[in-house]
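> Sharing a structure here in structure tokens format.
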Amino acid sequence: MAANDVGKRFISNRQRLVWIGQSFVVLALIWLALNGLEGWWLGLLAASVGAVAGGLLASGQPHPWRPHRLLGFAAFFLVESFKGGVDVAWRALSPDLPISPEFHRCRIDLPEGQPRTLMVSVISLLPGTLSADLSEDGEELIVHTLMPEAMESVQRLDRRIRWLFSLEPMEAGDE
């Protein structure tokens with residue numbers, strides 16, 4: 001095994017351990033928010049099993065996120081989800097509002113694993129968008145929109161996910 005392979009393997013294992021630790025904290029906080037301190041030992045056990053299982057069974061390279069950025073992403077997610085719900089309700093109650101349903105092909109150059117999965121999962125909660133199909137290679141997503149400007153929120157989501165995982169920003173011509 002070459003020295004570079006050992007270094008890559010160590011970094012991969014270190015990143016996986018960081019990801020397991022971060023997952024444990026999030027799962028424990030969710031348990032605490034839902035149950036308080038009642039049954040705390042069971043919450044610690046569940047968070048531990050969930051974090052280790054997720055860390056070991058997750059395919060691909062783990063991409064640890066930055067804990068201090070999670071609140072900013074959560075705020076973005078909640079605001080966009082709320083706007084999406086209001087938009088759909090408004091359009092349902094006002095059928096005379098203009099819609100222009102279209103399918104858009106969107107190249108996804110986020111790394112495999114958590115960043116790409118988060119992107120595909122959250123798109124459907126943005127205003128006027130729905131994740132319709134993912135290519136077999138996972139490089140292209142077909143997004144259904146109710147109006148053309150909805151693709152702007154997809155680009156904002158991509159930037160937020162890159163920010164959360166400290167990934168390089170997309171080139172201006174790639175958007």
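> Of all residues in the stretch 142-157 being closer than 22 Å to residue 79 by Cβ and part of a strand (DSSP E or B), which is most open to solvent (accessible area, probe 1.4 Å)?
144
> Of all residues in the stretch 62-77 being part of a loop (DSSP other than H, G, I, E, B) and open to solvent by less than 70 Å² (accessible area, probe 1.4 Å), which is farthest from residue 17 (Cα to Cα)? Give the steps one after another, and end with the answer.
Let us first name the residues in the stretch 62-77 that are part of a loop (DSSP other than H, G, I, E, B), namely 62-66.
After this cut, where a residue has to be open to solvent by less than 70 Å² (accessible area, probe 1.4 Å) as well, the list is 62-65.
Values: 62: 9, 63: 11, 64: 9, 65: 12 Å.
By that ranking, first place goes to 65.
> Here's something else I'd like to know. Which one of these does residue 160 not meet: (1) buried (at least 17 other Cβ atoms within 10 Å of the Cβ); (2) over 25 Å from residue 55 (Cα atoms)?
Answer for residue 160: the failing condition is (2).
> Continuing with the same structure: Go through the stretch 78-128 residue by residue and tally those that are open to solvent by less than 40 Å² (accessible area, probe 1.4 Å), modelled with pLDDT under 85 and among the acidic types (Asp, Glu).
Result for the stretch 78-128: 1.
> Could you tell me whether residue 92 is small (Gly, Ala, Ser), farther than 27 Å from residue 114 by Cα and assigned to a helix (DSSP H, G or I)?
Considered against the rule, which asks whether it is small (Gly, Ala, Ser), farther than 27 Å from residue 114 by Cα and assigned to a helix (DSSP H, G or I), residue 92 comes out as yes.
> Can you tell me which residues in the stretch 40-61 are among the small types (Gly, Ala, Ser) and either at positive phi or outside any helix (DSSP H, G or I) (or both)? Step through it out loud before you land on a result.
Kept after step one, since they are among the small types (Gly, Ala, Ser), are these residues of the stretch 40-61: 43, 46-48, 50-51, 53-55, 58-60.
Hits for the stretch 40-61 are 58, 59, 60.
The values are calculated or read from the model by the stated rules, or taken from the named source; none is laboratory data. Just so you know, these numbers come straight off a predicted model, no measurement behind them. Positions of Cβ are generated from backbone atoms using ideal geometry, with glycine treated the same way; all protein chains shown enter the neighbour counts. Remember, those area values only see protein heavy atoms, side chains included, never the ligands or the DNA or RNA. Shrake-Rupley method; radii C 1.70, N 1.55, O 1.52, S 1.80 Å.
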